[in-house]
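Worksheet: the structure to be examined is printed underneath.
The values are calculated or read from the model by the stated rules, or taken from the named source; none is laboratory data. Everything numeric in this text was worked out from a predicted model, so none of it was measured. A quick note on method: Cβ atoms are made from the backbone with ideal geometry, for glycine too, and the neighbour counts reach across all protein chains shown. These area figures cover heavy atoms from the full protein model, side chains too; ligands, DNA and RNA do not enter into them. Shrake-Rupley method; radii C 1.70, N 1.55, O 1.52, S 1.80 Å.
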Amino acid sequence: MRIRSLVKRLTDNDYVFTIFTKIMAVLIGLIASSYSNRFLGPELKGQLGRISSMLSIVAVTANFGLYQPYPYYKRLGEQDVLDKFLRIFLLQFIAYSVIGVFGAVALESFELTAVCLLAPIQVLANQLSFMIMVEDVKFKNVIFFTARITNTVITILAFYTMDRTILVALALIVVGDLITIVFALLRMRRLPNPLRADLRFAAKIVPFGLISMLTTLMLTLNYRVDTLMMGYMFAVSDTEIGYYTLGVSLSEYGWLIPDAFREVLFSRTAKDDAIGEVTMSMKVNLYLTLLMIVGILVLGRPVIYLLAGTPYLPAYPVTVMLIAGIIPMSYFKIIGTLLLAQGKKMVYLGMLTGSVVVNILCNLVTIPLWGKMGAALSSVVSYTVAGGLFLLYYLRTYQVPLRDVFLFRREELDRLAGMVRRVRQKLARRG
């Protein structure tokens, strides 16, 4: 009875459920990571990192950002808005699949061929994942959780039954995207005819979409440009890139809490501004993320040893360096949801572009000097710039006192304590 009550409490609250599913997915993902890292080794992992970075940038560009206006038009009450967007996305998928096949035949580079074939699938998966996050954030996390389990099972099978090859790692990317596509369409209970796409509506959202595409591209570059610059501009070895990629992966566990708040707030701000909820989210996120960071710092080296083995231990300094940028960037993630829902795309893009420019300029100096550690340093600087700009804009625009972002008021602590007491009382009665 207590277990049933606890489960109900977890599923009732969007924030708690999102954080819970992400924690469980991370635990499962750690198992997959352990097998994947040993299966690939640092060199192949570095090669995968280069392909994955290029794929992400191509997928973002090809998407044209057309999914980003969805919460804005949903908030406006646009008629038949879900079907309108779905038809456009499916038409894009068909067109890109045809282009991708021709590109794969014409190109001789393995990396470019892989990008051509995988990009159409990733574009559609990203679009549907965003839509389902707005429509039903809990189910979005179910998809995320399912993809992680499937990824883990396939990775373990590959480790014991297949030869070491980059193709297996690429296949895992496809499986996760396909699960997202299938589950999202099943949840929406519709598969509208793409040939009936409303081209007038598509033309209407293109200007919004293009700006959003540039915004997402800047965001992707902020995370991926270092890997591309190391691999294609400064000829850093795949092994070093492999260390860097693992360090990035471990530091990204620090995004667990900010991403959970970000996903829920996308759904909330699609309905109203929710300034109070955004401010409270930043406050709670700060302290939960600090705990997460301490855990990564303390357990980072032994976790690398357990997940990847001794050959990957040079990744630990990268992890430590990147952790410094987690909290500043969390402000960008949380505040950005409000700006996008309000249609303030130019403000969002301008501040993010400044961060990317700083990242690229820093990389031009730091990578030749310090290799992977220089790339990590540049990322931290750019994350700090992004977070600082977004936080400053939020405080000034919405007249929020600085202390409200960092410190709990007495009445807020009393309210949180009351919530804890009520949960305990409910569990006690149901137990």
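Some points to look at:
- One residue stands out among those in region 271-307 that are open to solvent by less than 10 Å² (accessible area, probe 1.4 Å) and among the small types (G, A, S): the one that is modelled with the lowest pLDDT, which is S281.
- Which numbered condition D163 fails, given (1) free of Cβ contacts under 8 Å to residues at least 24 places away in the same chain; (2) open to solvent by 60 Å² or more (accessible area, probe 1.4 Å); (3) under 27 Å from G41 (Cβ atoms); (4) part of a helix (DSSP H, G or I): (4)
- With respect to the conditions (1) closer than 30 Å to F39 by Cβ; (2) touching a Cys at 6+ places or on another chain (Cβ under 8 Å), S382 lacks only one, and its number is (1).
- Only one entry in L210, L195, L246, L256 is buried (at least 20 other Cβ atoms within 10 Å of the Cβ) and either modelled with pLDDT of 85 or more or assigned to a helix (DSSP H, G or I) (or both), namely L246.
- Checking R189 against (1) open to solvent by less than 70 Å² (accessible area, probe 1.4 Å); (2) closer than 28 Å to F85 by Cα, the condition it does not meet: (1)
Here is a yes/no grid of residues against (1) without any contact (Cβ under 8 Å) to a residue 60 or more places away in the chain; (2) buried (at least 21 other Cβ atoms within 10 Å of the Cβ); (3) within 28 Å of S36 (Cα to Cα):
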{"position": "G309", "(1), (2), (3)": "no, no, yes"}
{"position": "P317", "(1), (2), (3)": "no, no, yes"}
{"position": "F332", "(1), (2), (3)": "yes, yes, no"}
{"position": "L369", "(1), (2), (3)": "yes, no, no"}
{"position": "G387", "(1), (2), (3)": "no, yes, no"}
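- Filtered residues of region 167-192 (kept if under 20 Å from N141 (Cβ atoms), part of a helix (DSSP H, G or I) and free of Cβ contacts under 8 Å to residues at least 60 places away in the same chain): V175, G176, D177, L178, I179, T180, V182, F183, A184, L185, L186, R187
- Test: residue in region 396-417 that is among the small types (G, A, S), loosely packed, with under 14 Cβ neighbours inside 10 Å and more than 18 Å from G247 (Cβ to Cβ): yes
- Test: V236 is open to solvent by less than 40 Å² (accessible area, probe 1.4 Å), over 29 Å from V347 (Cβ atoms) and assigned to a loop (DSSP other than H, G, I, E, B): yes
For (1) open to solvent by 40 Å² or more (accessible area, probe 1.4 Å); (2) more than 16 Å from the chain's Cα centre (by Cα), each residue gets a yes or a no:
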site: G103; (1), (2): no, yes
site: A106; (1), (2): yes, yes
site: F110; (1), (2): yes, yes
site: L118; (1), (2): no, yes
site: V134; (1), (2): no, no
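- Members of region 122-160 found to be of a type in the set (F, W, Y) and in contact (Cβ under 8 Å) with a residue 24 or more places away in the chain, listed by number: F130, F139, F144, F145, F159
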